[in-house]
1. If the cut-off is 13 Å between C-alpha atoms, which aspartates and glutamates fall inside it for residue 144, apart from same-chain ones fewer than 8 positions away?
2. Taking all protein chains in place and a 1.4 Å probe, what share, in percent, of the accessible surface of segment 182-270 do carbon and sulfur account for?
3. Would you mind getting the accessible area per residue of the chain, heavy atoms of the protein chains only, 1.4 Å probe, in Å²?
4. With label points built 7 Å along Cα→Cβ from the Cα atoms of residue 61 and residue 148, find their separation and express it in nm.
5. How would the chain be classified by its alpha-carbon gyration tensor: rounded, prolate or oblate, with rounded meaning a/c under 1.5 and the a/b versus b/c comparison settling the rest?
6. Separation between the residue 255 and residue 217 pseudo-spin-labels, each 7 Å from Cα along Cα→Cβ, expressed in nm?
7. Counting only DSSP beta bridges with both residues in the chain, what percent are antiparallel, rounded to the nearest 5?
8. Got a sec? What order do 52, 159, 178 fall in by accessible area at 1.4 Å, biggest, i.e. largest, first?
Amino acid sequence: MKLTILAVAAILSGVADAAAAQDITCGEVYSVQRGDTLHRISRRAYGDDDGWRLIYSVNRDLIGRNPSAIEIGQPLTIPCLEQDAAEPTASVEPIRREETSAPLPPPLKGGIRFVTASDWAPFSDEEQAQGGMMTEVVNTAMSKVRPAEDYQIDFINDWGAHLQPLLTDNAYDFGFPWFRPNCDVIEKLGEGSQFRCNNLFWSEPIYEQIIGFYTTDDFATPLSHGDLFGARLCRPAGYSSFMLEERDLVEPNVTLLQPVTPSDCFEALLAGEADVVALAEDVARDVISDLDAADRVVKQDALDTVATLHVVISKNNPKAQEYLTLLNEGIDEIKDSGEWFEIVRRHLSEYMMRG
């Protein structure tokens, strides 16, 4: 992927107060030092941990697939949070809202149908411009290979219905965004993850996400996932658990707690009813902020797990390979042109300012 980075000299006024405490200047190249993580670099550059994703997006070709695997001496470009990022290039016309209680609209004649859902900022959210980062990436990729009237992206806010029955019954062709489990260790995976391995085709990776492991500040620092054996580990019911299964963080090695929401997990952690919370970093960040618990919760960086987000299509879709090839062509085109990065930069910058 070839990215063209235009550095600017000034950071957004929304983080001006943090700028006074910075010792890393945006728009310059920073050499990684011993003890650095992207989170710590982000904190020193922006006054906010969440900027690590923007730094990673700029330097992905250098760092590789694992954002945690930075090396001493690596020259990292530190982008500024730009107000003048490139505007969206794809029309919002194909993006629609559908109700699960109403009859589904008839399929597009010769068209391709995508389904997603809301409440996963900054990736997929109806309240965000273009429906969120992943929605805009998919929309822009498809706009390169199909006219707008030949595909549509529907928000159906019932994640549990997407893979089954909407995709498996071919009511929709594609769903996004979905994490891809490690199917090479399928014997370790649970039923839901095995279903994904056996029944879905996956697009090219669109984004890498970190699944973090969170404890209270008095928890003994774990150096490996095995150090969590015997702990009470919380992950909300209905959330993918492949990242736990792959690392043997299952019963009886841990006591698995599965309340309804991420907030329930963190409230259990703070109340001493859970020892560890496993959650996507962007979700955890918002919950910790809402609970005003940043001074009591610690993210155990050594346990970070990288998961890739994809668009998926059912293997029983008669046009699965044709459609997947088409989508991947669009994804490759916007990565090569730099549009993918412009989309990521704009959404991450807006998400950071919003927080």
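The values are calculated or read from the model by the stated rules, or taken from the named source; none is laboratory data. Just so it is clear, the structure is predicted and the values come from calculations on it, not from any experiment. Because the Cβ atoms are built from the backbone with ideal geometry, glycine has one as well, and the counts that use them run over all protein chains shown. When the accessible area is computed, the model is the full protein with side chains, heavy atoms only, and any ligands, DNA or RNA have been set aside. Shrake-Rupley method; radii C 1.70, N 1.55, O 1.52, S 1.80 Å.
1. 136, 329, 332, 333, 336, 339
2. 48 percent
3. Details: 15550 Å² over 355 residues.
Value returned for the chain: 44 Å² of accessible area per residue.
4. Going by the 7 Å Cα→Cβ label model, 3.2 nm.
5. Values: a/c = 1.73, a/b = 1.14, b/c = 1.52.
Since a/c reaches 1.5 but b/c is at least a/b, the shape of the chain is classed as oblate.
6. 2.6 nm
7. On the way: 23 of 38 bridges.
Of the beta bridges lying entirely in the chain, close to 60 percent run antiparallel.
8. Largest accessible area first, the list is 159, 178, 52.
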